[in-house]
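K.L.:
Here's a structure for you.
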Amino acid sequence: MRDARRGGLLQGRRRPTTSTFLPCTRLALCSTHLLPSPPSAGIRERRTGAAIFSLVPTRVTLSDVADAVGVSPQTVSRVLNHHPSVRPETRQKVLAAVQALGYEPNLAARLLASGSSGAVGILLTAGLSHGMASTFSAIARAVRERGDTFVLATADGDAPESVKEALAHLHGHRVAAIVVLAQRADVLAILSSQRHRGPVIAIISGQHEFSTLSTVSINQALGARLATEHLLAQGRTRPLHVTGDLTWQDASERLAAYQSACSEAGIPGRWVGTDSWTGEAGAKVARRLLESGLPDAIFAGNDDIALGLCHELLAAGVRIPDDVAVIGFDDIPLARWATPSLSSITQDFDALGRASLSLTDELVEGAPAHNVSLEPRLVVRSSTANS
């Protein structure tokens, strides 16, 4: 190119060509593009024979999906929101088109239109023990299976301000509902004292006095009764309950039910408290029992405590179950592989996750606050089976 531009911005240099590659779904092609010269230059610039590709990212819309399938946008919306009125074959076609076109819901538009992101808020108020971790995983899996999303917040259940801040964080995300995993009954008082944008349910065992709160739980009292009555049915007359951390609602529920079952059978309901749910806690109790005298049956607060007990008793030459029968709670994966295999109380955490989301759906639809309780199940293995 000849330099005929005095005072021009380019000073005879060819304009640099740059290419930017962006994700896109549509391609625009222009065979000739005229670049106007700045008005101050007074020079006309002509460029020909240049093919310029404009890679402009465009969002696939609800209407695009509807056009591809031959249905209305309202039908597509009903499919994406899991409405039961859509025929199965139509639902399948819409979902296939959504995947093929790469349609992604406009969450910002949904938030503006409804005031809710549609996500489920999950609030953890305790450390991830086996039960708490399994419950969280079950809820997250159930949310995922529904095609929804969740927002996670954590709080110190002993600190009311921490719980309030976590709730405010979730409300700031405009979640549709909040599921609170609670270990202490005190958390319920905090929840009931706050104003909430949508339904709030707590996963915690036992009865409570807050009529505006809904709860989902696995019946811990029933589980403890099943364990205790199983030991008594084996002819054991000197049982001992080794509790977990009694600041947890689960531990206090299990202890009360154990004592009730023993009282009904006319035998002493002896128990020993611990401040944790670990195998080490069980081992410490076992060492004390070896010095002071053994019971003929032990109902441990959970499987970890039971395994710690068994380890120390077996190392000291105690025969399980001949001398001491041992049963745990939770039915962790290791229970069936222990030697001897550990009897336990199993809890269906997947069902707990599904029940939590079903309850939030009911509350969103206007149902009154209520409680849902699931039943645990006794699993008998070698640690309590009479030879």
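Values quoted throughout were computed directly from the atomic coordinates according to the rules given, and no laboratory measurement underlies them. Not measured: the values here are computed from a predicted model. Ideal geometry is used to build each Cβ from the backbone, glycine not excepted, and the neighbour counts take in all protein chains shown.
K.L.:
Subtracting the Cα-Cα distance from 0.36 nm times the residue separation, let me have the gained length for PHE210 to SER192 in nm, one decimal.
P.N.:
5.8 nm
K.L.:
How would you order 187-200, 340-353 from highest to lowest mean count of nearby Cβ atoms within 10 Å? Working shown, then result.
P.N.:
Working: 187-200: 17.1, 340-353: 21.2.
Highest mean packing first, the order is 340-353, 187-200.
K.L.:
Using +1 on the beta carbon of Lys and Arg, -1 on that of Asp and Glu, and nothing else charged, what's the dipole of region 288-387 about the Cα centre, debye to 20?
P.N.:
Values: 6 positive and 15 negative charges, 65 e Å.
Once rounded to the nearest 20, the dipole reads 320 debye.
K.L.:
Another question, then. If I take R0 = 25 Å and measure r between the Cβ atoms of SER260 and ASP323 in this structure, what FRET efficiency does the formula 1/(1 + (r/R0)^6) give, to the nearest 0.05?
P.N.:
On the way: r = 27 Å, r/R0 = 1.06.
Given R0 = 25 Å and the Cβ-Cβ separation, E is 0.40.
K.L.:
Could you state the number of Å between the C-alpha centres of region 206-277 and region 152-190?
P.N.:
About 27 Å separates the Cα centre of region 152-190 from the one of region 206-277.
K.L.:
Sort TRP248, TRP337 by Cβ crowding within 10 Å, fewest neighbours at the top.
P.N.:
Ordered from fewest to most neighbouring Cβ atoms within 10 Å, TRP248, TRP337 come out as TRP337, TRP248.
K.L.:
State, to one decimal in nm, how far the label point of ARG59 lies from the label point of GLU365, with both points 7 Å from Cα in the Cβ direction.
P.N.:
3.0
K.L.:
While we're looking at this one, here's another question. Could you put LEU213, LEU246, LEU313 in order, starting from the residue whose Cβ has the fewest other Cβ atoms within 10 Å?
P.N.:
In order of increasing Cβ crowding within 10 Å: LEU246, LEU213, LEU313.
K.L.:
In nm, give the distance between the simple-model label positions of SER373 and ALA315, each being 7 Å from the Cα along the Cα-to-Cβ direction.
P.N.:
Inter-label distance under the simple model: 4.0 nm.
K.L.:
Can you put PHE150, PHE329 in order, fewest other beta carbons within 10 Å first?
P.N.:
PHE150, PHE329
K.L.:
Relative to the Cα centre, what is the charge dipole magnitude of region 251-298, using +1 at the beta carbon of each Lys and Arg, -1 at the beta carbon of each Asp and Glu, and rounding to the nearest 20 debye?
P.N.:
Magnitude of the dipole: close to 120 debye.
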